[in-house]
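Below: the structure, in structure tokens.
Every number here is computed from the coordinates shown, using simple stated rules; none is lab data. Predicted, not measured: the structure shown is a model, and the values here were computed from it. Neighbour counts are summed over all protein chains in view; Cβ atoms, including those assigned to glycine, are modelled from backbone coordinates with ideal geometry.
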Amino acid sequence: MFYSDPFGLLVLSALVNGIAAAPFLIVTMLIAGDPQVMGKHRNGKIALVLGWATAFIMSAAAVIGLWQSLGG
């Protein structure tokens, strides 16, 4: 069974972590770019571009990982 295999559990753990990271990155980027929340300490243009690129890449990786794990 998949759940008794230690390597399978490591893969499952990495998949869950990758799926959970994308929404947290998106929320973090929304907060970091909001001047009402962050005031003068909000992200600059470079940090916003790199942060949103990272969130997009993590979201795409989560979708691909989920697709592959479900047998796609």
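For this structure, a couple of remarks:
- Once the Kirkwood radius over Cα pairs is known for the chain, the Stokes-Einstein relation at 10 °C and 1.306 mPa s delivers a diffusion coefficient of 115 µm²/s.
- Gap separating the Cα centres of the stretch 45-72 and the stretch 4-25, nearest whole Å: 14 Å
- Theoretical gain in end-to-end length, PHE24 to ILE46 [0.36 nm per residue, Cα-Cα removed]: 6.0 nm
- Take the Cα of VAL63, step 7 Å toward its Cβ, do the same at GLN36, and the gap between the two points is 2.9 nm.
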